[in-house]
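The structure appears right after this line, and notes come after that.
Rule-based calculations on the coordinates, nothing more; no lab input. Note that this is a predicted model, so its numbers are computed, not measured. Reconstructed Cβ throughout: ideal geometry from the backbone, glycine too, with neighbour counts over all protein chains shown.
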Amino acid sequence: MKNKNIQNLLAKLKTQGIKNSKILQTIKKVPREQFISKNLQNQAYENIPLPIQCGQTISQPYIVAKMTELLLLQPQSNVLEIGTGSGYQTAILAHLAKHIFSIERIKTLQLQAKKKLQKLKLYNISTKYGDGTKGWPTNKLFDAIIITAASEKIPSKIMQQLKQGGILVAPIGKKQQILTRISKTKKQFIQETIEPVHFVPLIYDT
Ligand code: SAH
């Protein structure tokens, strides 16, 4: 049953335009059911977002795949993720990049995600409890940055941590949100709008 559900999901993602075979293989490999509560596990391979604890959501598999594809990850990429949530997107990224630095502002979720990721033996991940709008708390630069919560403007501290040649992917907007990719070149930031999306808000802690 599980295999059939995964095959159906992969077929669906392909029809939605996900072409990168490494990403599709990773979606096949990472057990999404382990990132959601028991009573919803029968829906783990449906192409839908699902509620997790603390009023948050695990993103839809298509959105996870799309955002991952837009990041153009390399095996040597260091990635910053804001909004660990369930840790599912983190696990996908960990299979495709060198190291993932992930921040979550809800302690319960951060601890749970950390445990799950360790159980899956994904050791190239550092999780942190805190306000991601302030960026990673050392002045580290990242090849890729993913924000999995929506804001009207990308916080400047996060923008400052993007390497030259780096790529940031985030939903921009409040009620109406657009998935956006920002590439940092030598001279400027290039912004591409991708498609409408719906994320929980990025919270600015004071
Ligand atoms: N990629 C996650 C998405 C979780 S929803 C998944 O698929 O499971 C977005 C998450 O962003 C929530 O867990 C929320 O608590 C977190 N978040 C919101 N504002 C934040 C902030 N300022 N810093 C860190 N995390 C934040």
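Each residue in the stretch 107-128 was checked for being surrounded by fewer than 19 Cβ atoms within 10 Å (Cβ to Cβ) and either touching an Asp or Glu at 6+ places or on another chain (Cβ under 9 Å) or closer than 20 Å to residue 205 by Cα (or both), and 4 pass.
So for the stretch 114-124 (the condition being within 11 Å of the ligand (Cβ to nearest atom) and of a type in the set (Lys, Arg)), does at least one residue qualify? Yes, there is a match, as at least one residue in the stretch 114-124 is within 11 Å of the ligand (Cβ to nearest atom) and of a type in the set (Lys, Arg).
Just one residue in the set 148, 127, 133 is closer than 27 Å to residue 16 by Cβ and not aliphatic (A, V, I, L, M); that residue is 148.
So which of 89, 56 ends up being crowded, with 23+ Cβ neighbours inside 10 Å and within 13 Å of the ligand (Cβ to nearest atom)? Of the residues listed, the single one that is crowded, with 23+ Cβ neighbours inside 10 Å and within 13 Å of the ligand (Cβ to nearest atom) is 89. Residues of the stretch 104-156 that are in contact with a Phe, Trp or Tyr (Cβ under 7 Å, 6 or more places away or on another chain) and among the aliphatic types (A, V, I, L, M): 149, 150. Could you check residue 153 against (1) assigned to a loop (DSSP other than H, G, I, E, B); (2) touching a residue at least 40 places away in the same chain (Cβ under 8 Å) and say which number it fails? The failed condition is (2). Residue 139 meets the conditions (1) under 17 Å from residue 68 (Cα atoms); (2) of a type outside the set (Lys, Arg); (3) more than 15 Å from the chain's Cα centre (by Cα) in every case but one. The failed one is (1). The set of residues in the stretch 19-48 being within 16 Å of the ligand (Cβ to nearest atom), in contact (Cβ under 8 Å) with a residue 24 or more places away in the chain and more than 19 Å from residue 116 (Cα to Cα) consists of 23, 46, 47.
With the structure loaded, tell me whether residue 15 is of a type in the set (Val, Ile, Thr) and within 25 Å of residue 124 (Cα to Cα) or whether it fails that test. No. Just one of (1) out of contact with any Gly (no Cβ under 8 Å at 6 or more places or on another chain); (2) surrounded by fewer than 12 Cβ atoms within 10 Å (Cβ to Cβ); (3) of a type in the set (Asp, Glu) fails for residue 131. It is (2).
Whether any residue in the stretch 162-174 is outside any strand (DSSP E or B) and out of contact with any Pro (no Cβ under 9 Å at 6 or more places or on another chain) is what I want to check. No.
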